[in-house]
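Below is the structure I would like to discuss, written out as structure tokens.
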Amino acid sequence: MEIFKRVPEFDFMGKRAIATWLSCAVILIGIISIAVHGGLRYGIDFAGGTLVQLKFKNPPAIEEVRDGLRTIGLGDSTIQEFGSKNHLLVRVERSEGKLEEIGTKIKNSLIGKYEAENIIVERVEMVGPKVGKDLREKAILSIVYAIIGIVIYISWRFEFQYAVAAIIALIHDVLITMGAFSLADKEFTLVIVAAFLTIIGYSLNDTIVVFDRIRENMRRKGKTLLKDVINASINQTLSRTILTSGTTLLVVVALFFLGGEIIHDFSFALMIGVLVGTYSSIFIASVFLVYWESRSAKKRV
Amino acid sequence: MYTDLKWKIPLILFAILGSAYLAYPLKDKIALGLDLQGGMHLVLEVQTEKAVEASLERIADDIKREIEEEDYEVDRVRADIENKTVTVLMVDAIDLKPVEEIMKNHTAYLQNEGVVREGRGYLFRLSEEEETRIEQNAVSQALETIRNRVDQFGVSEPTIQAQGERRILVQLPGIKDADRAIKLIGKTARLDFKLVDESVSPQTALNGAMPEGDEILYEREENVETGEVTKTPFLVKKRTVLTGETLSGAEVRYDSDFNEPYVAITFNSIGAMIFHEVTRANVKKRLAIVLDDNIYSAPVIQEAIAGGRAQITGQFTTEEARDLAIVLRAGALPAPVVILENRTVGPSLGKDSIEQGVQSILLGGLLVIIFIPIYYKLSGLVAVTALMLNLVLLLGALAYFGAALTLPGIAGMLLTVGMAIDANVLIFERIREEVRVGKTVRAAIDAGYAKALSTIVDANITTFIAAVVLFQFGTGPIKGFAITLCIGIAASMFTAVFVSRAIFDSFMSRKKVANLSI
């Protein structure tokens, strides 16, 4: 079985203007969404706070739960369904270092409205403000260090402009995924940072496959236009690109639909990331190489 | 021809069988993370400044006593917590000279900052080294104490370790009663015996007529049925006559009349001596038993008690009495701790997560396993075989490093599967290209592997860089993801490049293949 009987001859570079504008537009929409939402929505990992997941035997009325929480002064908590009507997620802004289980406290406030054995505290996550700040700094640092390490490696293996192109592509991917997160009103947590680093890795993987071909073809046919070399390289690797993205997507989609609520946002980020990462290695990273060359060509004249 | 197979095949077999041995049976060899089996992840911070404060106050007390023992008149010795200083103030400036002599015992950690208050006193500052030493001590002692408590509580395979300068990480897998565990671990458990001052009523003292050297502490009583808490004030001497440091044992007993649990404590020889002394000197007075500034009981001393035994009564359930005995035996924390981070997952949620996670992976994996052979025919089967071996290697390595399998870890495995497939796709597409330009099967395979190799290496190394950074900076769940990814990348390079090649080669060495099934 083959996707293409012969090496295809799509003119990707001819579409570069449209692609650039499209990317800018999508990124802009994301940024506007983030601005409208007043910044990214941080989960408790970064903002600090307490999260309690409750499981009820029968679907509870959210208002009744809120009333119960009010009796212990937690009326302003965010309460939302989590996966099914029987699961509730209660998020409290505060995080207390006291030796008291907030889960038990919340459960006790609901006894009377519901039978004690019908409420199960499934998960409690409390992150103090100090830890939240630490984690935030660490997350940013980890992304920065990862990018630095990768730039050094690519500059060494290829040339500097390839490193710049790869980084631009992955910043593009991260921005778009962030925008999608904001549009879907999803929370930014530690696990999502892991997803972002995965996207960075994946996007690079894809970009490097194309770059590798470009490097190889440049050696072979020295005098052809860079634009044509790039087009040929993308076309030569196209069936691989489709196959790999396809199989990865297959797995990620399975995870998204069946992996359960806890891993849902993670797989959502990956799904967007894989799609955008594939697109960007063709239309952002490679296109940037063409722009770079035309600029340095002008300088020489 | 293919002579290198002679060492390649044994190497591959060794790696695979070794991994299988390490990982089998899976249930025993691979620990599940807290998110999958349920459990508690706590990060505590030792409030080391409290330990410094306590030391400073103890130093001030010691100095005062030493000066008084030499029969000089002390105005006061005051510890200033904020500035970490101790001021020694004499009634008469003449007495300052002998104080200097006495202070020689303390110069190791107190620096003389000069004369104050018209020559009546000295100001001493706690040295920074001493402060650091006290803080480090507090953390290591707290670590030890918590370890003791957890051991006595009985949790299988707990993790208790220092994190950073003043943090302690506690992981208790499979714990059911999180509430109880938190109380047990986090309770300071400072036991003090203090004499009750009955010269004035607590009410008068609260209204402002507090006798010098006294303080108000409360006895809390909870009505089991209504949950109402009543607080009874007691006026006690600030000075602690005896502390929990002198305990040699604590255990739960039941009183013979009502069968109610209480905690019987035993003092060591020094404690027993002091206890005897205190009770002898204060017959008919009340002695308050104070735990973390809460009065548990304040019995009247009927007679001098020799033998160093006492009991702590209160409204205990058996469980509470048991936990109290544990914390008393394990000793007090040198300073209070606060919880910085608490992640507790109930066992049922853990089970649900693992089932869903595993199912989705199996399904995703299955789709890939079906699809690849359809697309690449027999060569696809080779890739799938390599993929399976990749998983075996991955599990073996996880078992070897003792890394726990977490939900993000499963996601990492998934990503590895994707990368392993990608490596084979890259190789196979290259081989097809080579076949198209008319190369022989063997030449096509050689060229395909050779040309795809640099791409695969570059792609994997960049992802590896990201994974290593994640491992360095990530905490908890992210670390699990990073380590699986790191191992996975290494394993997939080995299987997708080395093993799949060896499989091809061993086919080719048996018979002449004219057409490659790819």
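With each run of n ≥ 4 DSSP H residues scored as -39500 (n - 2.57), what mean residue ellipticity at 222 nm is computed for chain A after dividing by its residue count and rounding to the nearest 500 deg cm²/dmol?
Working: 10 runs with 193 residues, N = 301.
-22000 deg cm²/dmol, from helical runs alone.
If the only charges are +1 at each Lys and Arg Cβ and -1 at each Asp and Glu Cβ, what is the size of the charge dipole of chain B around the Cα centre, to the nearest 20 debye? Don't jump to the answer; show the numbers that get you there.
Numbers: 54 positive and 68 negative charges, 843 e Å.
Its charge dipole is roughly 4060 debye.
Here is a further query. Which of B:12, B:518 has the fewest other C-beta atoms within 10 Å, and how do the rest follow up to the most?
Working: B:12 18, B:518 21.
Placing the least packed residue first, the sequence is B:12, B:518.
Of all trypsin sites (Lys or Arg not before Pro) in the range B:98-196, which ones are in loop regions per DSSP and have a Cβ with at most 16 other Cβ atoms within 10 Å? Present the calculation step by step, with values, prior to reporting the outcome.
Details: sites: B:104, B:117, B:120, B:125, B:133, B:147, B:149, B:166, B:167, B:176, B:180, B:183, B:187, B:190, B:194; in loops: B:117, B:120, B:166, B:176, B:187, B:190.
When the trypsin sites (Lys or Arg not before Pro) of the range B:98-196 are filtered for loop state and at most 16 Cβ neighbours within 10 Å, B:117, B:176 remain.
Beyond 19 Å, how much of the Cα-Cα pair distribution for the range B:49-128 remains, as a whole percent? Mind dumping the intermediate values first?
Details: 861 of 3160 pairs.
The proportion of pairs with Cα distances above 19 Å equals 27 percent.
Okay, next question. Holding the Cα-Cα limit at 22 Å, pick out from A:107/B:479; A:15/A:227; B:84/B:237 the pairs that are longer than that. It would help to have the intermediate numbers written out before the result.
Working: A:107/B:479 32 Å; A:15/A:227 12 Å; B:84/B:237 25 Å.
Too far apart for the 22 Å limit: A:107/B:479; B:84/B:237.
Shifting gears a bit: Residue B:248 versus residue B:228, label points 7 Å from Cα toward the beta carbon: distance in nm?
4.5
Still on this model: Nothing charged except the Cβ atoms of Lys and Arg (+1) and of Asp and Glu (-1): what's the magnitude of the dipole of the range B:84-215 about its Cα centre? Round to the nearest 20 debye.
Values: 17 positive and 23 negative charges, 120 e Å.
About 580 debye.
Report, in order of residue number, the helices in chain A meeting two criteria: a C-alpha extent of 27 Å or more along the helix axis, and a mean Kyte-Doolittle hydropathy of at least 0.5; treat each whole DSSP H run as one helix.
On the way: long enough: A:16-36 (30 Å, 2.12); A:129-157 (42 Å, 0.69); A:160-183 (34 Å, 1.70); A:190-220 (45 Å, 0.72); A:226-258 (44 Å, 1.13).
The answer, listed by residue number, is A:16-36, A:129-157, A:160-183, A:190-220, A:226-258.
Once the piece of chain linking residue B:400 and residue B:293 is laid out straight, how much longer is it, given 0.36 nm per residue of separation minus the C-alpha distance between them?
33.7 nm is the gain from fully extending residue B:400 to residue B:293.
Ok, one more. Counting DSSP beta bridges with both partners in chain B, what percentage is antiparallel, nearest 5?
Values: 68 of 71 bridges.
Around 95 percent antiparallel, to the nearest 5.
Among A:56, A:266, A:181, whose mean-square fluctuation peaks in a Gaussian network model of chain A (Cα, cutoff 10 Å)?
The residue that fluctuates most here is A:56.
Can I ask one more? Among A:264, A:37, A:87, which comes first, then next, by fewest other beta-carbon atoms within 10 Å?
Details: A:264 16, A:37 13, A:87 20.
Least crowded to most crowded, the residues run A:37, A:264, A:87.
Once whole DSSP H runs in chain B are found, which of them have Cα atoms spread over 24 Å or more along the helix axis and a mean Kyte-Doolittle score of at least -1.0? List each step's numbers first, then the result.
Numbers: long enough: B:5-23 (26 Å, 1.47); B:48-69 (31 Å, -0.88); B:128-153 (37 Å, -1.16); B:347-401 (44 Å, 1.40); B:407-436 (44 Å, 0.78); B:441-473 (47 Å, 1.16); B:476-493 (26 Å, 1.46).
Those that pass (Cα extent of 24 Å or more, hydropathy at least -1.0) are B:5-23, B:48-69, B:347-401, B:407-436, B:441-473, B:476-493.
Rounded to the nearest 500, what is the 222 nm mean residue ellipticity of chain B from helices alone, with -39500 (n - 2.57) per DSSP H run of 4+ residues and division by all residues? Write down the numbers at each step before the final one.
Working: 15 runs with 270 residues, N = 518.
Per the formula, -17500 deg cm²/dmol.
Let's see if you can work this out: charge +1 on each Lys and Arg Cβ, -1 on each Asp and Glu Cβ, no other charges. What is the dipole magnitude of the range A:49-127 about its Cα centre, in debye to the nearest 20? Show your work: numbers first, answer last.
Values: 12 positive and 13 negative charges, 11 e Å.
The calculation lands at about 60 debye.
I'd like the projected area of the range B:238-321, averaged over all directions, using the convex hull of its alpha carbons. Report it in nm² with one decimal.
Details: hull surface 23.0 nm².
Averaged projected area of the range B:238-321's Cα convex hull equals 5.7 nm².
What do you get for trypsin sites (Lys or Arg not before Pro) in the range B:413-518 restricted to DSSP loop and a cutoff of at most 14 other Cβ within 10 Å of the site's Cβ?
Numbers: sites: B:430, B:432, B:436, B:439, B:442, B:451, B:479, B:501, B:510, B:511, B:512; in loops: B:439, B:511, B:512.
Sparse-neighbourhood loop trypsin sites (Lys or Arg not before Pro): B:511, B:512.
Let me ask you something else. Taking 7 Å along the Cα-to-C-beta vector as the label spot, tell me the residue B:302-residue B:450 distance in nanometres, rounded to one decimal.
For residue B:302 paired with residue B:450, the spin-label model returns 9.9 nm.
What list do you get for B:279, B:344 if you sort them by fewest beta carbons within 10 Å? Before the final figure, lay out each step's value.
Values: B:279 21, B:344 27.
Going from least to most buried by this count: B:279, B:344.
Hey, another quick one. Count neighbours as other Cβ atoms within 10 Å of each site's Cβ, and list the GluC sites (Glu not before Pro) in the range B:240-342 that are DSSP loop with at most 16 such neighbours. Present the calculation step by step, with values, prior to reporting the outcome.
Details: sites: B:245, B:251, B:277, B:303, B:319, B:320, B:341; in loops: B:303.
Loop-located and lightly packed - B:303.
Still on this structure, please answer the following. What is the list of residues in the range B:398-439 whose amide nitrogen lies under 15 Å from a point 7 angstrom out from the Cα of residue B:512, following Cα to Cβ?
Answer for the range B:398-439: none.
If you don't mind, another one. Between residue B:148 and residue B:348, what FRET efficiency comes out of the Förster formula 1/(1 + (r/R0)^6) with R0 = 30 Å and r the beta carbon distance, rounded to 0.05? Let's see the in-between values first.
On the way: r = 30 Å, r/R0 = 1.02.
In this case the efficiency is close to 0.50.
Given a Förster radius of 22 Å and the C-beta distance between residue B:355 and residue A:184 as r, what FRET efficiency does 1/(1 + (r/R0)^6) yield to the nearest 0.05? Intermediate results must be reported in sequence, preceding the final value.
Numbers: r = 26 Å, r/R0 = 1.19.
Taking R0 as 22 Å, the efficiency between residue B:355 and residue A:184 is 0.25.
Mind checking which of A:165, B:34, B:406 is farthest towards the positive end of the protein assembly as shown's charge dipole, using Cβ charges of +1 (Lys, Arg) and -1 (Asp, Glu) about the Cα centre?
A:165
Residue A:5: which lysines have alpha carbons under 19 Å from its alpha carbon, excluding same-chain residues fewer than 8 sequence positions away?
Qualifying lysines at Cα under 19 Å: B:377, B:439.
With each label point set 7 Å from Cα along the Cα-Cβ vector, what nm distance links residue B:309 and residue B:78?
The answer from the label model is 4.7 nm.
Each value in this text was obtained by applying a stated rule to the coordinates, not by laboratory testing. Being a predicted model, the structure only gives us computed values, none of them experimental. Glycine also receives a Cβ, built like all others from the backbone with ideal geometry; neighbour counts cover every protein chain displayed.
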